[in-house]
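First comes the structure, then the notes that go with it.
The values are calculated or read from the model by the stated rules, or taken from the named source; none is laboratory data. Computed from a prediction, not measured in an experiment: that's the story for all the values here. In this analysis, Cβ positions are derived from the backbone assuming ideal geometry, glycine residues included, and neighbour counts consider all displayed protein chains. Just the protein is used for accessible areas: all its heavy atoms, side chains included, with ligands, DNA and RNA removed. Shrake-Rupley method; radii C 1.70, N 1.55, O 1.52, S 1.80 Å.
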Amino acid sequence: MLLLILAYLGGVLTILSPCILPVLPFVFARADQPFVRSGLPLLAGMGITFAGVATLAAVGGGWVAQANEFGRWLAIALLAVFGLTLLLPSLAERLTKPLVDAGSRLTNLAQADGRPAGAGSSFLLGIATGLLWAPCAGPILGLVLTGAALQGASVGTTLLLLAYAAGAATSLAVALLIGGKVFAAMKRSLGAGEWVRRGIGAAMLVGVGAIALGLDTGILTRVSTVATGGLEQRLVDTFAGRRDNGSDKGGSMMMQANPQAMTQTSMAMSAKPEAGGSMMRAADHPSSLPVEGKFPGLNGAVEWLNSPPLTAEALRGKVVLVDFWTYSCINCLRSLPYVKAWADKYRDQGLVVIGVHAPEFAFERNIDNVRKATKDLGVTYPVAIDNNFAIWRAFNNNYWPAHYFIDAQGRVRFHHFGEGEYDKSEAVIRELLAEAGHGDSAKVATSSTSALKGVEMAADNDAMRSPETYVGYARAENFASPGGAKQDASKDYSAPAQPTLNQWGLAGRWNVGDEHASLVQPDGRIVYRFHARDLHLVLGPGNDGKPVRFRVTIDGQAPGDAHGTDIASDGTGTVTDQRLYQLVRQTGDIRDRTFAIEFLDPGVQAYAFTFG
C-alpha cells in the first residue's frame with residue numbers, strides 16, 4: 001500500500017514537469033467536450049496504455065521496446081492527422097476521402113464538425129497519447145520501474161504503474177476541467193471557437209513535432225523550472241523512513257531507474273522497509289543484536305567462483321557475511337579491503353565471507369570479466385554470480401555495497417549499506433563469533449586503513465560537490481552539449497563552451513545508447529566541470545576489444561601530480577578492460593576544475609563518472 005501511495009503521488013507531480021508538455025495539446029483538444037464522455041476515457045486510455053507498455057518494457061527486454069517504437073511512430077502519424085483536421089478541416093476532408101469507409105471514425109475524433117465526442121473515440125485517442133507519453137523518471141518512478149525490472153512480471157508491477165498513471169491522470173483531469181471552463185467562456189464572450197479549435201490543432205502539430213524530434217525526453221528535461229525530483233525524493237524519504245545506517249555518510253550506490261538495461265543486463269531510489277519486513281530494521285546496539293530475519297539462502301546464482309555452490313544449510317554453524325557488490329562500483333571498491341581483511345583474519349574463527357556479485361552494467365554480466373576482476377582485486381573468498389538478481393531479491397536488497405551479518409543459527413542479525421562504520425561492522429563479527437563459541441576472536445587485531453591507496457582510499461566527502469553521473473541517455477543528467485543527445489544514433493557533438501559545475505558534454509562523433517556512449521571516430525572528447533578530490537570514469541574498449549589510447553587534461557593542462565592511478569603525470573593512458581579507471585587524484589585545496597579526456601582511437605565505451 002505504501003508503494004501504491006508513493007506511485008500515485010509521483011504521478012500527480014508529473015503535471016509540474018516539462019516532460020508532460022508534449023501531450024498537453026492532445027489532452028486539451030477535448031477541453032470543450034463533456035468530461036465524462038470525452039476527457040475521462042481519453043485519460044483512461046492514456047494511463048492504461050502507459051502502464052501496459054511500461055510493465056512489458058520492465059520485464060520483456062529489447063523486443064518490447066522495439067515494438068513500442070513502431071507503435072510510437074504510428075501514434076505520431078495518427079495524432080498528426082488529428083492536428084491537421086483541427087487546423088485545416090477542408091484539407092483533412094480531401095486527405096481522408098479515400099479512406100472514408102475504413103477511417104471515418106478515426107477522422108471524426110478530430111471533431112471537425114463540432115459534434116460531442118464518443119467515449120470509444122476518446123479512449124482510442126488516449127491510447128495513441130499513452131504510446132507517446134514519456135514521463136520524467138524521477139525517484140518515485142525509478143523506484144517503481146526498477147522494482148518491476150528486478151521482481152519480474154506480476155500483478156503488483158502493473159498496479160504500481162497504474163497508480164503512477166492514475167496520479168498523472170488526476171492532475172491532468174483537474175487541468176482539463178479548468179481548461180474546459182476557460183474555453184467555454186472564450187466561446188461565449190469572444191465567439192472565438194473556430195480560432196481556439198485551430199490553435200489547439202496547431203499546438204497538437206507542435207507537440208507531434210517535439211515528440212518526433214525527441215524533445216519531449218531531451219531538451220524539456222533540461223529546461224525544467226520545477227524541481228519535481230527533489231519533491232519526489234522528499235516523499236520517498238518521508239513515506240519510506242529511510243535509515244541512515246551509514247549509507248549516507250559512507251556512500252552507497254542505489255539501484256537506479258533503468259528498467260530496460262536491468263532486464264537485459266543489470267540503482268530502487270531508496271530502501272523499502274515494507275518489503276523487507278524485520279530484515280530492514282536498523283541494529284543500533286551491536287552489543288545486543290536483534291534478530292532481523294531468517295537467512296534467505298543463496299539459491300539462484302548462475303555460477304560460483306572460488307568455491308562450489310554454498311547453501312544456507314551447509315553454512316549452519318558458521319558466522320556468515322554476505323557482501324553485495326559489483327566490480328565497477330567505486331563504493332564497493334573502497335569497502336573491499338575491509339571485507340577481504342575480515343575474511344582473512346577471522347576465517348579460522350569460523351567466519352565465512354560470501355561476495356554476491358550483482359551486475360549494474362552489461363559487461364558485468366560477463367562471467368569472464370567478473371573472474372578476471374575478482375583475481376585482479378585479490379578476492380579469494382567465495383563469490384556467487386547473481387546475474388538474475390535472485391539472491392538480491394531474496395534479501396530485498398537495494399544497495400551496492402550491502403553487508404548482511406548472519407549468525408551461526410542462520411539468522412540475520414545486522415546489516416549495513418554503503419561505506420563507513422567499519423569498526424562497528426567488525427565488532428558485530430566478533431560478537432557473533434563469540435556467540436558461536438569462538439571467544440578467541442577478540443584476540444585478533446582489528447583492521448587498519450593506513451595502507452589504503454588508489455581507488456581503495458576513502459572519499460573526501462567534505463570536498464566532494466559532484467554526484468555520480470551516467471553517460472547513457474537512460475540515466476544521464478546535466479548533459480550540456482548543444483542540441484542535446486541523439487538516442488541510439490551517431491551524431492557530431494561539440495563540447496559546452498563554459499560548463500557550469502557538474503555540467504558535462506561530448507565532442508566528436510558519438511553514438512549515445514541507453515547505458516553508455518560509444519566513440520564512432522577517433523579524437524572524441526568528454527568534458528566535465530567537477531569539484532572533488534578524485535574523478536573516476538567507467539570505461540571499456542569497443543566490441544573488437546582493441547585498446548584505446550587517451551589523454552587527460554585538467555583546466556587545459558596535463559594533470560601532473562593530480563594524476564590518478566590509471567594515467568601518467570602527462571595525462572596519457574590506455575583503456576584495455578571494462579572497468580573503473582581512476583583519472584584524477586588531487587592534493588591540497590579542492591576547487592571547481594574542468595576535466596577533459598580525449599580518446600585518440602575509436603570504439604571506446606563510456607559508462608559513468610564517480611567521484612571521491
Set 453/491; 345/453; 294/453; 453/486; 372/491, cut-off 32 Å on Cα-Cα distance; pairs above it are 453/491; 294/453; 453/486; 372/491
Of every hundred units of 1.4 Å-probe accessible area on the stretch 443-554, the number belonging to carbon and sulfur atoms, as a percent, is 45
For the stretch 295-382, shape from the Cα gyration tensor axes a ≥ b ≥ c, cut at a/c of 1.5 then a/b versus b/c, turns out oblate
Note to self: with every protein chain in place and a 1.4 Å probe, the stretch 424-575 gives an accessible area per residue in Å² of 46
proj_area_mean for the stretch 314-470 (convex hull on C-alpha atoms), units nm², value 9.9
Subtracting the Cα-Cα distance of residue 452 and residue 497 from 0.36 nm times their residue separation yields 12.4 nm
Largest first and rounded to whole Å, the semi-axes √(5λ) derived from the alpha carbon gyration tensor of the stretch 476-515 read 17, 12, 7
Taking a ≥ b ≥ c as the square roots of the Cα gyration tensor eigenvalues, with a/c under 1.5 meaning rounded and otherwise prolate when a/b beats b/c or oblate if not, the stretch 529-586 comes out prolate
Stretched fully, the stretch from residue 366 through residue 424 gains (0.36 nm per residue minus C-alpha distance, one decimal, in nm) 17.5 nm
Using alpha-carbon positions, the gyration tensor of the stretch 471-612 gives root eigenvalues a ≥ b ≥ c; with a/c under 1.5 called rounded, otherwise prolate if a/b exceeds b/c, else oblate, the class is oblate
Rounded to whole Å², per residue accessible area for the stretch 347-392 with a 1.4 Å probe reads 34
Zone reached by a paramagnetic label modelled 7 Å from residue 462 Cα along Cα→Cβ, restricted to the stretch 570-612 with backbone N below 18 Å, covers 586-592, 612
